[in-house]
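K.L.:
Dropping a structure here in structure tokens format, bear with me for questions.
The values are calculated or read from the model by the stated rules, or taken from the named source; none is laboratory data. It should be emphasised that the depicted structure is a prediction, and the values quoted were computed from it without experimental measurement. Please note: Cβ atoms are built from the backbone with ideal geometry, for glycine as well, and neighbour counts cover all protein chains shown. Protein only, heavy atoms only, side chains kept; ligands, DNA and RNA dropped before computing areas. Shrake-Rupley method; radii C 1.70, N 1.55, O 1.52, S 1.80 Å.
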Amino acid sequence: MADDKAYGLLINYEFCTGCHSCEVSCQMEHGLPVDRWGIKIQKIGPWQIDGDAYQYDFVPVPTDQCDLCAERTAKGKKPLCVKHCQSLAMRYGPVDELVRNFDGSTKFAVFVPKAGTAC
């Protein structure tokens, strides 16, 4: 029986280092040209917020090209962006399970790409 749960990525962007390994592995897996991405790192900051506090984050953002590596996930494997994330900032799974990981102490984002919401 097919799993009809919505699947996505949980990204703890407080720990993303901006290494771009998610971008590169996605481009290689899907044969995307150099100006297209299934996931793209966005840089926020740096700018001063208050006193010694600064905003400076890297946020991996899945695009509409992302299908959550459907061929890989159909075989029980992780999407390549998750597999190659050097800082272990990304998780893949059913959205309802991913949101249980919110702890309120770090910066999380959940992405459910349009092209890959069911496994």
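K.L.:
Specify whether the C-alpha gyration tensor of the range 47-93 places it in the rounded, prolate or oblate class, a ≥ b ≥ c being the square roots of the eigenvalues: rounded for a/c under 1.5, otherwise prolate if a/b is larger than b/c and oblate if not.
P.N.:
Verdict is prolate for the range 47-93.
K.L.:
Determine the relative contact order of the chain: mean sequence separation of Cα pairs under 8 Å and six or more apart, normalised by residue count, in whole percent.
P.N.:
Relative contact order, the chain: 43 percent.
K.L.:
Give me the Å³ per residue figure for the convex hull around the C-alpha atoms of the chain.
P.N.:
Details: hull volume 12.6 nm³, N = 119.
Cα-based convex hull of the chain, divided per residue, equals 106 Å³.
K.L.:
Next question, about the same structure. What distance in nm lies between label points placed 7 Å from Cα along the C-beta direction at residue 110 and residue 97?
P.N.:
Each label point lies 7 Å from its Cα, and together they span 1.4 nm.
K.L.:
So with the 1.4 Å probe, I'd like the accessible area per residue for the chain, rounded to whole Å². Walk me through the intermediate numbers first.
P.N.:
On the way: 7320 Å² over 119 residues.
Normalised by residue count, the accessible surface of the chain is 61 Å².
K.L.:
For the chain, what is the number of Lys pairs with C-alpha distance below 23 angstrom, counting only pairs 8 or more positions apart or on separate chains?
P.N.:
Summing the qualifying lysine pairs gives 20.
K.L.:
Helix 21-30 sits at what angle to the longest principal axis of the chain, using alpha carbons and giving 0 to 90 degrees rounded to 10?
P.N.:
Relative to the chain, helix 21-30 is tipped by roughly 20 degrees.
K.L.:
Carbon and sulfur: what percent of the chain's accessible surface (1.4 Å probe)?
P.N.:
Details: 3790 of 7320 Å².
Its accessible area is 52 percent carbon and sulfur atoms.
K.L.:
Can you run phi through the Karplus equation (6.51, -1.76, 1.60; θ = phi - 60°) for the range 10-18 and list ³J(HN,Hα) in whole Hz, with x for Gly and Pro?
P.N.:
Each residue's phi maps through the Karplus curve to give 9, 10, 8, 6, 5, 9, 5, 9, x Hz.
K.L.:
To the nearest 20 Debye, how big is the dipole of the chain about its Cα centre, given +1 on the beta carbon of each Lys and Arg and -1 on that of each Asp and Glu?
P.N.:
Result for the chain is approximately 340 debye, rounded to the nearest 20.
K.L.:
If you don't mind, another one. Where is the GNM fluctuation largest for the chain (alpha-carbon springs, 10 angstrom cutoff): 17, 73, 106?
P.N.:
Of 17, 73, 106, the most mobile in the Gaussian network model is 106.
K.L.:
What accessible area, in Å² to the nearest ten, does a 1.4 Å probe give for residue 84?
P.N.:
The accessible area of residue 84 comes to roughly 80 Å².
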